[in-house]
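Here is the structure we will look at, set down as structure tokens.
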Amino acid sequence: MTRLFYGAAFIMFVTVFSVFLYFSIKAFSINPDTVTQAYSYPRHHIVLIPEEINNDYWRLVEKGARAAARDFGIALEYTGPKQADQEEHLKSINMAAAAKVDGILTQGLSEEQFTPLINKVVQKGIPVMTVDTDAAKSDRISYIGTDNYYAGILAGKALLADTEGEIKVGIITGKFDTNHQKLRVQGFKDAIREQNRVEIIAIEASQITRIQAAEKTYKILQEHPEINAFYGTSALDALGISEVLEYMGKSQETYVIGFDILPETLELLEAGKIEATVIQQPYEMGYKSIEAMVQVLEGKAVDSINHTETRVIRQGDLPLNRNEMIEAEVQ
């Protein structure tokens, strides 16, 4: 009887202990996949350095780059001047190189200042790619962005196609000393040379700001009231141009072609306050630049030039398709 009691007690103890052990293991066991996900580090650390971090256009580039960073599992840092300042821009590149990041994405705003620095960084073993604005004579690995000379050609041809009679043009450009802005102006000049009826009267720089675009437009019109067309070569120029034309009651009689499809630009186009704008693909630039840099860091070859799509749209092209609308979203 006693032996039977101890036997039953032993069986009960083993059963209870087994149940306790099972649920303890289940409760505190760790899935190996969870460990990897929780404690793994990004494969690469890449820095994107634009000329102006709070510019709406560059926020679109950043948005594309961040989407790619998530897809490829890399750490992306977005840094640079708060307002366009080449010295601060160059300083940001130097700081990224000193931090020994894995790769740098930036603009090649001027051959004189950016080419020597890019070459120096590449010699240290850090790959550099240019985005939006190329430094073609540097040792940069690749350029991802608009063919800026071709974009200027497209703008000039659009003006020729959309106008008749004598046209007196005022140009508002982002900056006089940056490669992409110079190419957009030169392409425009070369396109309109085929017709003597079009003449460029004045060129002013907006310093990549809407306020100065408006101020310089007003200045041009005060000095040259005969101007009946404007070409803006950076994202905020057409906004400033349009404001002044509306204020002066010249919107209906003045042709305007701008750059990019920020939401306000599309509103102006839809309202007929500007006639056309050149579409770039900032989101695509950001995405493809990360994709290309990852390929380079993993030992793969990439093309030295990767042009993104550029074309002109007018009011009749609205609404844009879903992919193009992504370009106009600013978060």
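Only the coordinates and a few stated rules stand behind these numbers; no lab work does. Computed from a prediction, not measured in an experiment: that's the story for all the values here. Using ideal geometry, Cβ is built from the backbone for each residue, glycine included, and neighbour counts are taken over all protein chains shown.
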Practice prompt. Count charges around Arg66 for me, please; just the other residues with Cβ under 11 Å from its Cβ, Lys/Arg as +1, Asp/Glu as -1.
Written response: 0
Item to complete: Provide the packing ranking of 300-307, 244-251, i.e. peptides ordered by the mean count of other C-beta atoms within 10 Å per residue, highest first.
Response: 244-251, 300-307
Worksheet entry | Sequence of His89, His224 once ranked by neighbouring C-beta atoms within 10 Å, starting from the fewest | His224, His89
Fill in: Of Lys250/Lys273; Lys175/Lys216; Lys216/Lys273; Lys124/Lys175; Lys157/Lys182; Lys63/Lys273, those spanning more than 22 Å from alpha-carbon to alpha-carbon
Lys124/Lys175; Lys63/Lys273
Fill in: In nm, spacing of pseudo-spin labels at Arg197 and Ala301 (7 Å Cα→C-beta vector)
5.0
Worksheet item: What per residue convex hull volume, in Å³, do the alpha-carbon atoms of the range 131-211 yield?
Response: 108
